[in-house]
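Below is one structure, written out as structure tokens, with a few remarks after it.
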Amino acid sequence: MKVRLKTTTKGLEQDCNRLNEALVGRYLTYPAMQGASPNTVMTYENGLRNFLRFLGGQSILAVKHADLLSYLSGLDRRGLSKSSVANQLYARSKQWRQMTRWSGPLPAPRPSSTIGC
């Protein structure tokens, strides 16, 4: 998939959002092909969309460990049960593994760098 990057910050955020949506859409076909129930696919989709809102325009491919911990901590503060938070962690790790299969191994970011879209 080609994503044309714009030069403005707003344009870059829009490109990241389009890339994120494409990756989520592609990912959601995977559990359905594996025989997951429609309710499972809908639960995955809701969780992923909530995670994308949390990212606020950042590329899902640029997520760092600290971002995930912050997201999970926010779920805990909102009163989600420990099993629901664990399910979110499981779903995000499953999604990450599948996306890296499509794109090949992603380079580990240097501690001070941020990977853009």
| message | Quick check for you: which residues of the range 24-62 have the amide N under 16 Å from the point 7 Å beyond the Cα of Arg101 toward its beta carbon? | response | 24-36
| query | Tell me, what is a quarter of the convex hull surface for the C-alpha atoms of the range 9-101, in nm² with one decimal? | reply | 6.2 nm²
| Thr40 versus Phe54, label points 7 Å from Cα toward the beta carbon: distance in nm? | 2.2 nm
| Point-to-point label distance, Arg26-Ser83, nm (Cα→Cβ direction, 7 Å offset) | 3.4 nm
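Every number here is computed from the coordinates shown, using simple stated rules; none is lab data. Predicted model, so just to flag it, every value in this text is computed and none were measured. Here the Cβ is made from the backbone with ideal geometry for all residues, glycine too, and neighbour counts use every protein chain on show.
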